[in-house]
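Inspection log for the structure reproduced underneath, given as structure tokens.
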Amino acid sequence: MAITLNSGFNMPVVGLGVWRMEGKEIRDLVLNALNLGYRHFDCAADYKNEPEVGEALAEAFSTGLVRREDIFITTKLWNSDHGHVVEACKDSLKKLRLDYLDLYLVHFPVATKHTGVGTTGSALDEDGVLEIDTTISLETTWHAMEELVSMGLVRSIGISNYDIFLTRDCLAYSEVKPAVNQIETHPYFQRESLVKFCQKHGICVTAHTPLGGAVANSEWFGSVSCLDDPVLKNLAEKYKKTAAQVVLRWGIQRNTVVIPKTSKLERLKENFQVFDFELTKEDMDLIAKVNRKHRTNLPCKFWGVDLFE
């Protein structure tokens, strides 16, 4: 099951996010996912594991498990490389051992002090606050992203963590429209206005943290997981599914792409088994009522500044 992007390319509606994965774990994870039917992988330069993902993909191609044209690979431009877009993209391609990317995203709508291509540093000043580069506009960054398309390095380009105002601006100054806006959205942080705005203007919404971050974000940011919500637990019982499967199905029925992350084989299987049932309109409406406007992914913990205020 796939969504056709405004660039004309198809993006599978369920992908695997590889944030906080490392070493041998990555190889096994990617190969297991491919064997289970996953064809969409969400990477980022800042996850610092592109070489490991590339190694697993190379193995999958060489053994005939999949062909390059059968999979969809996303990676992202880090904040410190806004002034070096082409070089950063080429660096990611080299690490991933690919000739082109299916999708390249601006990871966050902020340029920060350059620390060397691909190093994905987040330089802090003497007060422990992120060193934001005020000389590079998002428009400048976007036009460099557009260049990647004309160079044939990238099939589709998009944005990530952009609100309505920044998305509107990008639509106004872009020649190649953003194909995707990847944002945090889940039952506790539904962001209906932003989702609808993007979809109205032909931008596909990808939900990162589609399960509310669960254990990962609870550990790092002390956030609350929606998977323990009584409404979702009751629906899981009704459909004979897990709460996670209900939440992912809800995301798919909102016409968003979902990219849950897991390192466990059982969860990997579970997260992909969401195509054999459908939530009723009444149950979709029930889930709409559990929204808490609760953001769980909080990079301000590391940056000394809240960019989402």
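Read-outs throughout are calculated quantities, based only on the coordinates presented, and are distinct from any laboratory measurement. Small disclaimer: the values here were computed from a predicted structure and weren't measured. Note that each Cβ is placed from the backbone with ideal geometry, even for glycine, and that neighbours are counted across all protein chains shown.
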Need the full-extension length gain, Asp99 to His201, defined as separation in residues times 0.36 nm minus the C-alpha distance. One decimal, nm.
33.7 nm
In whole angstrom, how far apart do the alpha carbon centroids of segment 169-215 and segment 10-55 sit?
21
With +1 at each Lys and Arg Cβ and -1 at each Asp and Glu Cβ, the charge dipole magnitude of the chain around its Cα centre, to the nearest 20 debye, comes out at 1020
Per-residue [θ]222 nm for the chain (sum of -39500 (n - 2.57) over DSSP H runs n ≥ 4, rounded to 500)
-11500 deg cm²/dmol
Net charge dipole size for segment 20-151 [Lys, Arg +1 and Asp, Glu -1 on Cβ; Debye, nearest 20]
540
Top positive-direction residue, dipole computed over segment 252-309 with Cβ charges, set Phe302, Pro260, Gln273:
Phe302
Inverse of <1/r> over all distinct C-alpha pairs of segment 1-132, i.e. the Kirkwood Rh in Å, gives 15.5
With the dipole of the chain worked out from charges on the C-beta (+1 for Lys and Arg, -1 for Asp and Glu) around the Cα centre, which of Phe165, Phe72, Leu148 lies farthest toward the positive end?
Phe72
Using Cα pairs under 8 angstrom and six or more residues apart, how large is the relative contact order of the chain, in percent?
18
If you scale each eigenvalue of the Cα gyration tensor by 5 and take the root, what three semi-axes come out for segment 230-300, rounded to whole angstrom and sorted largest first?
19, 18, 12
I need the P(r) histogram for the chain: all alpha carbon pairs, bin width 10 Å from 0 out to the longest distance, whole percents.
6, 28, 37, 24, 6, 0
Per-pair calculated FRET efficiency, R0 = 51 Å: Arg67 and Lys289 via Cβ, rounded to 0.05
0.70
I need the shape label for segment 13-87. Rule: rounded when a/c is under 1.5, else prolate if a/b > b/c, else oblate, with a, b, c from the alpha carbon gyration tensor.
prolate
Taking 1 over the mean of 1/r across every pair of different Cα atoms in segment 61-210, what Kirkwood radius in Å do you get?
16.2
Can you tell me the FRET efficiency between Leu36 and Leu307 if r is taken as the Cβ-Cβ distance and R0 is 35 Å, rounded to the nearest 0.05?
0.45
Under 20 Å from a point 7 Å along the Cα-to-Cβ line of Phe275: which residues of segment 45-77 have their amide N that close?
65-74
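Percent relative contact order of segment 242-309, based on C-alpha pairs within less than 8 angstrom and at least six residues apart?
30
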What ranking, highest mean first, results for peptides 119-130, 34-45 when packing means the other Cβ atoms within 10 Å averaged over each residue?
34-45, 119-130
